[in-house]
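Since the structure comes first, as structure tokens, the remarks are kept for the end.
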Amino acid sequence: MCFLTPKRNAAADLIMNEKIAVGSDHAGFGLKLEIIKWLKENGVDFVEMGCMDGSSCDYPTVAEEVCKKIIDGTVSKAILICGTGIGISIAANKIKGIRAALCTDAYTAKYTRLHNDANVLCMGGRVTGPGVACEMVEVFLNTEFEGGRHQRRVDLISSLEK
Ligand code: RB5
């Protein structure tokens, strides 16, 4: 269960007229449910994607389906969860326009927004507990890209896709 209680209506804090997507493989399914509970409690608009029942599925397929929602503009950001967070982040980063960050705490979730303009937050369902996970989601959704010198570096990342 998530230990973060909604302090006020957190939706009012979120820098979002945004919709997000949340997906996991079987190893991330339990944590996905915890995050969905937090999103509901905090009034965040989201779409849940595979897997839907915890049965075995392939994380690259989930990453592709979820990231396509960012690329086609259906959602602005996404959360992806597998067992370690590693496989699903590797897969997501193969997709042009995706900057997926595997995070383990609020600090990394904050700085990947500030400096990398990450559009996908990845985490490991077998690594990260629900309290830290929900804290990361809150920080990730509430932090804006800093731009400036970081824009140049993000542009250089994009140029690697060509
Ligand atoms: C599934 O067993 C596991 O390999 C997957 O969830 C992930 O951890 C891969 O990186």
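The values are calculated or read from the model by the stated rules, or taken from the named source; none is laboratory data. As the structure is a computational prediction, the values presented were derived from the model and not from experiment. Cβ coordinates were reconstructed from backbone atoms using ideal geometry, including for glycine residues, and neighbour counts include every protein chain displayed. Ligands, DNA and RNA are stripped out before the accessible areas are found, and what is left, the full protein with its side chains, is counted by its heavy atoms. Shrake-Rupley method; radii C 1.70, N 1.55, O 1.52, S 1.80 Å.
Points to keep in mind about this one:
- Qualifying residues in segment 82-130 (those that are away from the ligand (no atom under 15 Å from the Cβ) and farther than 21 Å from Thr143 by Cα) - the one most open to solvent (accessible area, probe 1.4 Å): Lys96
- In segment 135-162, the residues that are exposed (fewer than 11 other Cβ atoms within 10 Å of the Cβ) form Cβ pairs under 9 Å with partners that are outside any loop (DSSP other than H, G, I, E, B) and hydrophobic (A, V, I, L, M, F, W, C), at six or more places apart or across chains, as follows: Glu144/Leu114.
- In this entry, Gly28 is excluded by the filter for residues that are buried (at least 22 other Cβ atoms within 10 Å of the Cβ), modelled with pLDDT of 95 or more, closer than 30 Å to Asp155 by Cβ and out of contact with any Lys or Arg (no Cβ under 6 Å at 6 or more places or on another chain).
- Flag if Lys37 is more than 12 Å from the ligand (Cβ to nearest atom), among the basic types (Lys, Arg) and farther than 23 Å from Phe145 by Cα: yes
- Being in contact (Cβ under 8 Å) with a residue 12 or more places away in the chain, assigned to a strand (DSSP E or B) and open to solvent by less than 70 Å² (accessible area, probe 1.4 Å) is a property that Ile79 has.
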